[in-house]
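Inspection log for the structure reproduced underneath, given as structure tokens.
The values are calculated or read from the model by the stated rules, or taken from the named source; none is laboratory data. Only a predicted model underlies this, so the values are computations on that prediction, with no experimental measurement involved. With ideal geometry, Cβ positions are generated from the backbone for all residues, glycine too; neighbour counts draw on all protein chains shown. With ligands, DNA and RNA removed, areas are computed over all heavy atoms of the protein, side chains included. Shrake-Rupley method; radii C 1.70, N 1.55, O 1.52, S 1.80 Å.
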Amino acid sequence: MKRVFVFLFAGLVAIPAFSDGQYREVINDNGVVKGLCTSILGQDNERNTQLNESITSELRSTALYRNYIGYWKIQNDSLFLDSLLIYRTKGDDLSKMELDNLYASLKTPTGYFVNWITDTLRITSGNLVRYEHLLWNSTWENEEFVTVNRGIVTGRTSKHNKLINPQMNDFDLLKLVSNLDLGKIPKRIVLRLVYSGFDNNGQPTGLNIEVVRSCGVPTIDKRVVNVIDSAFMIHKPFPIYLIDGKYETLTWHIPINKRD
């Protein structure tokens, strides 16, 4: 079996070294536990330095660069800090931080009232629809955008997302391409592929294929493109997403090795 390597390019911008998908904060939103993808503590200029002194500067997890997980609460249109798990200088486990040292003046029976934050919170729930290996860039089924003015909730909008067509796993994609009758290929070919459009049900209506590395023989390149086009429109190996009412996909690069 010929070896075919498949690469997914999720964007065109440079990604900083060691970037990773990050653990979300946790928020109890009027009794429902959800994920929070907004940095709130980092916006507290008054106490941020003291907070950082309580948290180890040693990176313990590439999925948790901030070295803490905040637990929050929205109740009666107010935002509260409930608790905070942090990495301390000693030990490898997250431990609960005593908050009165920093936030005693904000303490209420409900929690610590977050009066410093004026921002739009991104609150997520449901299944993970599209993973992106960078910060909080992944997409969840339900995403709510809650506007907060000095700790008071003033508005809320939402969008819903769905995976329409799942991604074919690497083994099956390798098998699919390897079993295609592509004929003789004198040198490696690299193709760039992306669905060109979708019908009302989110099924692809076309496939754009660009030869980014030719085998040196245009007629062979064209033959390979035609076979790949036909097979991929039938098998639909690439994921398709419905993001806030709009169908989306990603661009793929597929190198195909020399064949005798």
Given a 1.4 Å probe, how much area per residue of the chain is accessible, in Å²? 54
Suppose the chain between T108 and D20 were pulled fully straight at 0.36 nm per residue; how much longer would it get relative to their current alpha carbon spacing? 28.1 nm
Of M97, M233, ordered by accessible area with the largest first and a 1.4 Å probe, the sequence is M233, M97
Report, to the nearest whole %, how much of the accessible area of the chain belongs to carbon and sulfur atoms, 1.4 Å probe, protein only. 50
Whole number please: convex hull volume per residue of the Cα set in the chain, in Å³? 157
Could you rank the peptides 190-199, 34-43 by their average count of other C-beta atoms within 10 Å per residue, with the highest value first? 34-43, 190-199
Roughly what would the spin-label model give for I234 and V211, points 7 Å off Cα along C-beta, in nm? 2.3
How far, in nm, would the chain grow between S158 and Q43 when pulled straight, counting 0.36 nm per residue and subtracting the alpha carbon separation? 39.0 nm
For a quick check of understanding: with a 1.4 angstrom probe and all protein chains in place, what accessible area in square angstrom does D181 have, to the nearest ten? 130
Using label points projected 7 Å from each Cα along Cα→Cβ, tell me how many nm separate T251 and D77, to one decimal. 4.6
With an 8 Å cut-off on Cα pairs and a minimum separation of 6 or more residues, tell me the relative contact order of segment 19-96 in percent. 30
Need one number: nm distance between label points at Q203 and Q50, each 7 Å from Cα along Cα→Cβ, rounded to one decimal. 6.2
Rg in Å to one decimal, and Dmax rounded to a whole Å, for segment 143-232 via C-alpha atoms: 21.1, 67
From the Cα gyration tensor of segment 59-135, with a ≥ b ≥ c the square roots of its eigenvalues, which class applies: rounded if a/c is under 1.5, or else prolate if a/b is larger than b/c, or else oblate? oblate
Peptides 22-29, 165-172 ordered by average Cβ neighbours within 10 Å, highest first: 22-29, 165-172
Check: the chain dipole with +1 on Lys, Arg Cβ and -1 on Asp, Glu Cβ, in debye: 1120
Specify which residue in the list L250, V129, I40 is farthest towards the positive end of the charge dipole of the chain, using unit charges on the beta carbon of Lys, Arg (+1) and Asp, Glu (-1), about the Cα centre. L250
What accessible area, in Å² to the nearest ten, does a 1.4 Å probe give for L102? 20
Which whole-number percentage describes the relative contact order of the chain, with Cα contacts under 8 Å and a sequence gap of 6 or more? 20
Of K222/K258; K162/K222; K159/K236; K73/K162; K34/K159, which pairs sit farther than 24 Å apart, going by alpha carbon to alpha carbon? K162/K222; K159/K236; K73/K162
Contact order normalised by residue count of segment 154-260, Cα under 8 Å, 6+ apart, percent: 42
Dipole magnitude (debye, nearest 20) for segment 126-224, charges at Cβ of Lys, Arg, Asp, Glu: 360
A chain fully extended from D100 to R150 at 0.36 nm per residue, minus the present Cα-Cα distance, gains in nm 16.0 nm
Calculated from DSSP H runs of 4 or more alone, at -39500 (n - 2.57) each and per residue, what is the 222 nm mean residue ellipticity of the chain, nearest 500? -4000 deg cm²/dmol
